[in-house]
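Read the figures in this text as sums done on the coordinates, not as results from a lab. Here the structure is a predicted model, which means the values were calculated and not measured. So basically every Cβ, Gly included, is an ideal-geometry build from the backbone, and we count neighbours across all protein chains shown.
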Amino acid sequence: MSNQEQTKIVKSLSCVYEECGYNFTTEDPHYYHEETDVSYCSEGCYEAEAEMDISVKKNIKNKGTGAGGSNTNKNGLPYEELTDLNNCFTTIEKDKYSSKIKFNDYEKILTRTKQSNLFKCMKKYIDENIKKAHGCKNPDECYIDENIKTIFIIEKKFQQVSGSVCEKIQTPDFKLWQYNRTFPEFNIVYIYCLSEWFKNNCEAEIEYLKYKKIPFYWGNSNTYKDDIINFIINYK
């Protein structure tokens, strides 16, 4: 047996497809999706998740009504794109995983990244002893202020029809705990961008976010982008 084979590290993994969650190791047959840097127990689970994502987007597009739906339909864009801050800053420099940006009318320089690229551009700061957790792998949008060692993570939740989705905004405590352990040198600020549906259908959860001082903004507000940028720029 070669030295390389003797030192090979076997990692425990869990299928990221929410309907599966099967536990396996890097030694077992599995499917690795390089673009998002996540693993599935099989290519079938990856295809099932992709099919589900297409179905959800198609369903939302065809509804045409519901809280927050008018802006989405009028612009013809998914909620994540509709609320993206990409038209609110100037890019100073860019690499494979992140960009150095300045928000319009501000001089502060921030690092912008999203999805699994957060872990790639911040690799040197990661505590490798911390296992990855479900729901903490692909932030919708992320801004890093290296001067004050703070990572602003924006999670976007869109809903127009009834369903058991209020529980999705009950988890900021865990996510803060997980991200703070993963990036121990940085302060984590977790921000929710919510569609109007949550305002009238998840009142207890909204009250909880206020109680825990978790910042949240209504993505369909005319001042959403200005409000969230002001919060990030003036955070101390």
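Miscellaneous remarks
- Think of each Lys and Arg Cβ as +1 and each Asp and Glu Cβ as -1; about the Cα centre, that makes the dipole of region 64-234 roughly 480 debye.
- Percent of Cα pairs exceeding the 25 Å cut-off, where the set is region 64-234: 33 percent
- Note on residue 203 and residue 147: the model spin-label points, each 7 Å out from Cα along the C-beta direction, lie 4.3 nm apart.
- Which of 218, 197 has the fewest Cβ neighbours within 10 Å, and the rest in rising order: 218, 197
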